[in-house]
Amino acid sequence: MRQSMLFAPTLRETPAEAEIISHKLMLRAGMIRKSAAGVYTYLPLAQRVLTKISRIVREEMDRENGQELALPIVQPAEIWRESGRWDVYGDEMFRLTDRHNREFCLGPTHEEIITTIVKNEVRSYRDLPLRLYQIQNKYRDEIRPRFGLMRGREFIMKDLYSFDVDEAGLEESYQAMYRAYNRIFSRCGLRFRPVEADSGAIGGNSSQEFMVLAEAGEALILYCDSCNYAANVEKAVSVISQAAADNEIKPMERVATPEQKTIDEVCSFLKIAPEQTVKTLFYGTDFGYVAVLVRGSDQVNEIKLGNIVGGNKLYLASPEEIQEVFGLPVGYVGPIGLDPAKVRILADTLVEGMHQVVVGANEVGFHYQYVEPQRDFPKVEYVDLRTACAGERCPHCQGHLLEARGIEVGQIFKLGTKYSKALGANFLDEKGQSMPIIMGCYGIGISRTMAAAIEQNYDENGIKWPMAIAPYQVHLVPVSADQLPVAEELYRDLTAQGVEVLLDDRNERPGVKFKDADLIGIPIRITIGPKGLAQGEVEVRFRQTGEDARWSIGEVVQNAVKFIQSALKATETQAL
RNA sequence: CGGGGUGUGGCUCAGCUUGGUAGAGCGUUCGGUUCGGGACCGAAAGGUCGGAGGUUCAAAUCCUCUCACCCCGACCA
């Protein structure tokens with residue numbers, strides 16, 4: 001490609017709307033332009049990157065017996081009603097109505113539609129397993145689209161759905177995708193980590209996310225410093241050693257705590273640690289209120305809580321609400337005296353092992369101390385409810401948990417029979433019995449992967465593309481028009497060898513060309529200038545490392561090919 | 001949905017407090033001088049000041065409504 005012909009309007013200044021690196025650099029490098037909040041145009045450079053990522057994804061999907069198809073974006077409401085998600089998805093779904101007043105949505109995901117297709121065509125166990133995928137736009141009307149391509153309302157996703165006859169088959173499909181995903185992100189040149197994940201709205205029981213490690217990541221992950229345990233904080237569990245009841249057991253005692261409402265206030269007033277208190281929160285749910293007990297120092301993990309209580313609605317009740325519904329004063333609320341018949345009481349498992357605890361007395365200005373949970377409020381359900389934190393112990397070994405931020409670029413789920421049952425996708429097994437198909441689903445955010453790659457590969461001058469997903473592999477920069485004939489010759493020779501070359505044939509000053517080259521971030525920059533040419537050489541700069549080299553004109557093609565191949569191989573072998 | 005902020009030429013922004021009919025830098029076009037890390041000189045094009053309504057002799061500026069975009073939050077007693 002000749003740069004004079006390239007549609008890549010670069011910017012000297014960063015548009016005010018961009019906050020994070022990838023967004024800024026993609027705007028500046030002339031890769032994307034916004035058309036609405038969370039909706040972007042991909043200009044040619046971005047499109048090339050997306051195509052390359054997609055190609056890698058396709059290769060790895062196909063290698064694991066995936067078959068590409070294309071599902072409709074516009075989907076009828078009925079199948080969503082059948083699965084029960086027309087209402088569950090709520091405002092996040094872009095909905096539309098046709099001229100006959102029939103309802104549709106723009107597909108936020110494709111379980112319903114593909115399950116319907118498979119249900120209509122698959123009859124026998126002999127038709128299975130199937131692994132079907134597509135790479136296509138998804139539409140989600142996010143509460144708050146942000147960070148450029150990171151959280152868009154229209155984005156590109158690869159989604160594969162597996163259909164198996166039994167759990168063992170599902171496990172095989174799941175592992176196949178796990179392998180494929182590891183290869184894909186390695187080949188893309190990313191530093192990433194698979195972590196245990198909550199399965200969220202899609203449902204199912206087992207799930208892992210692939211996180212690209214980067215500061216800009218919206219997800220917090222916890223990982224063990226000595227084994228390979230790693231989990232999204234939404235899912236993470238930790239082990240906390242608790243003191244045994246070596247203290248003497250005292251009778252519960254009411255204690256005046258005037259004006260001491262927060263955990264911190266109560267703790268400093270009574271001279272105790274937050275770990276010795278239990279706080280009581282009320283949540284509103286689809287099934288009425290639940291009381292939730294956790295240590296004063298802990299945070300309720302609302303994802304875990306939501307999974308336990310079920311339904312769609314989950315919110316922390318306001319002080320006014322608690323006063324009105326229960327007649328209890330926030331700041332002094334406690335489990336003692338709560339009637340399990342009237343309100344479901346859930347407590348974090350840690351609470352069960354606590355001793356000499358301070359809790360609210362359900363009376364303004366008073367708390368109870370020396371409370372023994374098992375003695376004083378025995379009728380509670382103990383479940384894992386707390387948010388795990390860095391520094392705590394790994395649930396699998398004696399290691400400690402560390403924290404990192406990650407960008408979720410992929411997630412794999414075992415769905416089981418959730419959709420096949422809802423939509424009646426059955427097959428006849430060897431005995432002639434009708435059985436629901438066992439499903440899995442596996443997504444990769446293609447456009448987000450591009451953004452994530454930039455978050456991991458940039459410097460103050462611009463992007464540093466990994467070789468495998470760079471829009472071009474070699475950037476030829478003749479210093480002036482005098483060197484253009486030599487550059488053209490190299491361009492021709494490199495292109496003939498299959499090298500992807502961008503030739504800066506613009507009539508610009510060298511400084512401008514160099515600045516644009518750094519910004520766009522093509523891995524190998526070859527400067528053809530009078531100084532080098534006098535010695536029959538060109539100057540080479542590797543964008544990733546910043547290293548310089550000099551190649552004689554005659555060896556440019558072979559050196560470039562060699563470098564590209566070894567760069568590709570480095571990530572590819574790492575992937576195996 | 002709550003809170004905060006911003007909308008002025010392609011980009012970054014000034015002007016608004018105290019109304020008087022729109023500016024700078026960059027970019028773009030033309031001419032010239034330049035030419036190894038975003039050159040210089042000269043000329044020029046380009047703006048319904050997000051939109052609607054109102055106040056006023058007069059509105060980018062004041063008031064009301066509205067739209068869009070950005071950020072924070074949807075938080076723990």
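The values are calculated or read from the model by the stated rules, or taken from the named source; none is laboratory data. These numbers were taken from a predicted model, which means no experiment stands behind them. Neighbour counts are summed over all protein chains in view; Cβ atoms, including those assigned to glycine, are modelled from backbone coordinates with ideal geometry.
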Consider only pairs whose beta carbons are under 6 Å apart and that are at least six residues apart or on different chains; among these, list those whose first residue lies in the range A:266-288 and is not assigned by TED's automatic domain parsing to the domain that holds A:Ile345 and whose second residue is more than 13 Å from RNA strand B (Cβ to nearest atom). none
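Here is a yes/no grid of residues against (1) under 40 Å from the mean Cα position of the chain (by Cα); (2) in contact (Cβ under 8 Å) with a residue 60 or more places away in the chain; (3) buried (at least 22 other Cβ atoms within 10 Å of the Cβ):
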position	(1), (2), (3)
A:Tyr458	yes, yes, no
A:Ile469	yes, yes, yes
A:Leu484	no, no, no
A:Arg492	no, no, no
Taking the conditions exactly as written (within 29 Å of A:Glu92 (Cβ to Cβ) and of a type outside the set (Val, Ile, Thr)), does A:Gln323 satisfy them or not? no
Looking only at residues in the range A:546-568 that are within 16 Å of A:Gln473 (Cβ to Cβ) and aliphatic (A, V, I, L, M), which one is surrounded by the most Cβ atoms within 10 Å (Cβ to Cβ)? A:Val556
When every residue in the range A:509-524 that is charged (D, E, K, R) and within 7 Å of RNA strand B (Cβ to nearest atom) is compared, the one surrounded by the most Cβ atoms within 10 Å (Cβ to Cβ) is A:Asp516
Residues satisfying the stated conditions in the range A:105-141, i.e. assigned to a loop (DSSP other than H, G, I, E, B), within 21 Å of the chain's Cα centre (by Cα) and not hydroxyl-bearing (Ser, Thr, Tyr): A:Gly107, A:Pro108, A:His110, A:Arg140, A:Asp141
Return the residues of the range A:53-104 that are touching a Phe, Trp or Tyr at 6+ places or on another chain (Cβ under 8 Å), part of a helix (DSSP H, G or I) and more than 23 Å from A:Gly445 (Cβ to Cβ); say none if nothing qualifies. A:Ala77, A:Trp86
Look through A:Gly306, A:Gly296 and report the one residue that is closer than 27 Å to A:Val88 by Cα and either surrounded by fewer than 20 Cβ atoms within 10 Å (Cβ to Cβ) or over 29 Å from the mean Cα position of the chain (by Cα) (or both). A:Gly306
Based on what the data block shows, is A:Ser83 modelled with pLDDT of 95 or more and more than 30 Å from A:Ile454 (Cβ to Cβ)? no
